[in-house]
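In what follows, a single structure is set out as structure tokens and then discussed.
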Amino acid sequence: MSSPFSFQIYSSVKNIPSDWDSLAANNLFLSRAYLETLAVSAPKNMQCHFIGLFLNDQLVGIAMTQYINLSELNSFGERDHCLKTIVRDFVFKNFSSNVLVMGNNMLTGQNGWCFGSKLPASEGLALLKKATEELKINFHANGIKIHLTIFKDFAEERVSFFKIPEFKLFFLFTTQPNMIFNIRNSWSSFDDYIADLSKKYRDQYKRARKKAEGISKRKLSLEEITNYNERIFELYMNVAKNAPFNTFYLTENHFKTLKTVLKDKFLFYGYFVGDELIGFNTLIKNGTDIDTYFLGYDEFYQREKMLYLNMLYDMIGFSINKGYSRIIFARTALEIKSSVGAKPMDMFGMMQHSNPILNLFVSKTFRYFEPKMEWKQRNPFK
């Protein structure tokens, strides 16, 4: 008996079903508006596809994939100039450069798929696995052999959904945690948060604010983002190039495009000394969550003015004062994020190499190549 469930792959946002947003209602990052920004400002080495899952003719699930060509990157990250980095870059470019991600590699968290109530999780994942197989065939027809297939960023309680035959040859992995800041019900203002800090971390806050004297901060309009476009990209690249591992770099028009499409759901804050833009951070309103997005800064001011720490306090202040429930601080800078109150949430993924022999070694090589971050979790509260 044939299954009543099916899938359809779309290469353009223009072609996705008209009722797509009814399933994306709880996640802005699956909405038509956000996907449209990717269509015109995705990184140059990335290609997106969109998947509709159907029960007969009814849309019951949505998903997105990203094909990432790592061989087009000049650098996976310039911070670590060691033999391991050189070997890692060689291996990725020659054996794992074509990666198909079920999810969004530009974000942290499960932003890759959403199933309606009529689609059981295991059934939906089995359909998505079939969709990746079809995509791999399509890519192969265009001269691209997919090396790695990855289902990314789901919480521990969802691991069991993947215990189905379709994923038998996949390797379960975990990466750096997602740093989540939960806003307490007792905090009606930023002052309430400061009052709940222990003396050591209140002193940290005061020291950071004193260091930041002379810096002004303001929310930038679309026109201002456009005017500062070149400087914004320069500041972004300052930070991106220092990451231990990159799979993409944003395009120069990315923030302008995001502001154009998402309007007041996308917030861009510039930090100035006089008229000089020395840093910026970005936030995205996603239901009751605030998602921190990309940022950039001048390294001199970051060191001298504790700029990054001040940005974290500003994000917390905004989110508390506006009544949000959580801040998704994402990966990187784990210790400093924990020093302001964020807690780690383990994220998992499933991975398979298309070469059956190499797939046997995926678990061993992944542990070798995944940058391991040693960090100490802080608790800033009384």
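The values are calculated or read from the model by the stated rules, or taken from the named source; none is laboratory data. Treat the numbers as computed from the prediction; the structure is a model and nothing was measured. Note that each Cβ is placed from the backbone with ideal geometry, even for glycine, and that neighbours are counted across all protein chains shown. Protein only, heavy atoms only, side chains kept; ligands, DNA and RNA dropped before computing areas. Shrake-Rupley method; radii C 1.70, N 1.55, O 1.52, S 1.80 Å.
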Relative pair counts by distance (%), Cα atoms of the chain, 20 Å bins = 26, 58, 16, 0
Solvent accessible area, Å² - Glu299, 1.4 Å probe, full protein context = 80
Mean separation of Cα pairs under 8 Å and 6+ residues apart, divided by the residue count of the chain: what relative contact order is that in percent?
-> 22
Counted charge near Lys219, where neighbours are those whose Cβ lies closer than 14 Å (Asp, Glu -1; Lys, Arg +1) | +3
Compute, for Ser319, the solvent-accessible surface of its heavy atoms (probe 1.4 Å) with the complete set of protein chains present, and express it in square angstrom to the nearest 10.
-> 0
With all protein chains in place and a 1.4 Å probe, His140 shows an accessible area in Å² (nearest 10) of 120
Local charge sum around Asn286 (other residues, Cβ-Cβ under 11 Å, Lys/Arg +1, Asp/Glu -1)?
-> +1
Hey, what's the chain come to in accessible area per residue, 1.4 Å probe, Å²?
-> 47
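Please give me the summed charge of the neighbours of Phe167: other residues whose Cβ is under 14 Å from its Cβ, Lys and Arg +1, Asp and Glu -1.
Here the count lands on +3.
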Ignoring ligands, DNA and RNA, what percent of the 1.4 Å accessible area of the chain is carbon and sulfur?
-> 52
To the nearest 20 debye, segment 5-168 has a Cα-centred charge dipole, built from +1 on Lys and Arg Cβ and -1 on Asp and Glu Cβ, of 380
Hey, how many Å between the Cα centroid of segment 253-308 and the Cα centroid of segment 26-72?
-> 24
Set of segment 186-223 residues, backbone N closer than 17 Å to the point 7 Å along the Cα-Cβ line of Lys263 | 221-223
